[in-house]
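Here is the structure we will look at.
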Amino acid sequence: MASVKKVIYVWLVRVVSWLAHFSKNDQVIYLMSFADNLDFIQQLNQRVPGRLTVYYLPSAATGAAQLAQAGIATRPFHDSVRFALTGIPVITRAADVYLDNYYGFTAGLTRQSPQRLIQLWHAAGAVKTFGWGDPQTAQRPADDRRRFQTVYDQITDYVVGSEKMGTIFAASYHVPQTRMRVLGYPRSDRYCKSEWVMQTATAIYQKYPAFKQQEVILYAPTYRAGVQFALPADFKQLKLRPDQHLIIKLHPHLAEQERDLQARYPDLVTLVPEFSTDELLTVANTLVSDYSSVVFDYALLPNCQKIVFYVFDWNHYEQEVGLQADFRDWAPGPLVRTVVDLNHVLAMPGAPLQLTQFNQLWNTRNDGHAIERTLAYFYPRVTTTA
């Protein structure tokens, strides 16, 4: 039934979009589901003054409020008949549409060649498979698979930080490599700005002064859609030195589960609700993750000393979700499946990681100038000579 509703909804979008596509304008639309690319949006607004409108999902409402305070036009949206009738004409007529995620309704857009649909993905790299690489995709109904490919085909420009990520997108979405724009991942700029890193770390230390004298271990596992996150039974055997502090940071949707974990392991787990995962990376000496893209961000920071992949559910995850085939080859740290092995790795002294090859592979253009480079590519300044 859900699949039928999606087909009908895309059909409605297609009709409304076709009726609207006869007139065009110079407006720019940003579709926002993640509120962590605000610097780019603000600089985009400066580059195209008076032309930008941000349509945001409920999950990005806090970020949208910040943009509105900065004078940027914002509009809430979600898939609905109202949005199809009022929002789709605006998007269809726009010169450029930025996407920070997969938006199924774009399958119904009538796009003329001058219009650009520009993907700014919400991760710098990929551990998990997605698109046609996801083992679940082949099991979806034919209508779903056709809709997926139509969405992928609609995107004219994929902004990425490396050739590696571009190759993965091209293979995962079955689109030409020529659509990849290796300009840098805009959200990564902050990690290369010493002022932002220092200010963020200072704010955290002011709230949690003990962190400055301890080895901060940040455990940030990936979001498992529709799954109640649960640690394996042997997690209670985790051993920390007196000078080690373990912070667990789950996806924002799982805040209640964070509290449950702290209640279950009060002597092991610390919660820091005031700061995001991105911010906590600036004070972490060790990052423990699994299949999350957070490792690509952490590798850009000067305090990166140790990365550990705690993959206790490897077999299940590889079969159900899928992992990049060469993950083991480039993972910048050990893969451990048991707490015994995790204890062993955490007990080893930390030292600055040798991440040159890893960053050359994944963070090639994530050098602190991605926003500048991306805006210059899509909106080159016209120079005149006297």
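What are the residues in region 71-98 that are under 21 Å from Trp11 (Cβ atoms), of a type in the set (A, V, I, L, M) and crowded, with 20+ Cβ neighbours inside 10 Å, if any?
Of all residues in region 71-98, those under 21 Å from Trp11 (Cβ atoms) come to 77-93, 97.
From the residues that got through so far, the ones that are of a type in the set (A, V, I, L, M) too are 81, 84-85, 88, 90-91, 97.
Matches in region 71-98: Ala84, Ile88, Ile91, Val97.
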- Apart from one, (1) small (Gly, Ala, Ser); (2) surrounded by fewer than 22 Cβ atoms within 10 Å (Cβ to Cβ); (3) more than 17 Å from the chain's Cα centre (by Cα) all hold for Ser293; the odd one out is (3)
- Hey, does region 323-340 have a residue that's closer than 30 Å to Gln136 by Cα, touching a residue at least 24 places away in the same chain (Cβ under 8 Å), assigned to a helix (DSSP H, G or I) and of a type outside the set (A, V, I, L, M)? yes
- Message: Suppose we filter Arg179, Arg147 for residues that are under 27 Å from Phe327 (Cα atoms) and in the same structural domain as Leu12 (by TED's automatic domain parsing); which single one remains?
- Response: Arg179
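Results for (1) surrounded by fewer than 20 Cβ atoms within 10 Å (Cβ to Cβ); (2) of a type in the set (Val, Ile, Thr), shown as yes or no for each residue.
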{"position": "Leu280", "(1), (2)": "no, no"}
{"position": "Leu301", "(1), (2)": "yes, no"}
{"position": "Asp326", "(1), (2)": "yes, no"}
{"position": "Asn343", "(1), (2)": "yes, no"}
{"position": "Thr374", "(1), (2)": "no, yes"}
- Query: Taking region 198-233 as the region of interest, how many residues are charged (D, E, K, R), in a helix (DSSP H, G or I) and surrounded by 13 or more Cβ atoms within 10 Å (Cβ to Cβ)?
  - Reply: 1
- What are the residues in region 260-290 that are over 20 Å from the mean Cα position of the chain (by Cα) and aliphatic (A, V, I, L, M), if any? Leu261, Ala263, Leu268, Val269, Leu271, Val272, Val283
- Note on the structure: The residue from Asp26, Asp39 that alone is out of contact with any Leu (no Cβ under 8 Å at 6 or more places or on another chain), loosely packed, with under 14 Cβ neighbours inside 10 Å, modelled with pLDDT of 95 or more and within 30 Å of Arg381 (Cα to Cα) is Asp26
- Identify the residue in region 47-79 that is out of contact with any helix residue (DSSP H, G or I) (no Cβ under 9 Å at 6 or more places or on another chain) and not hydrophobic (A, V, I, L, M, F, W, C) and, among all such residues, is nearest to Ala107 (Cα to Cα). Pro58
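The values are calculated or read from the model by the stated rules, or taken from the named source; none is laboratory data. Just so it is clear, the model here is predicted, and its values are computed rather than measured. Heads up, the Cβs are rebuilt from the backbone with ideal geometry, glycines too, and the neighbour counts pull from every protein chain shown.
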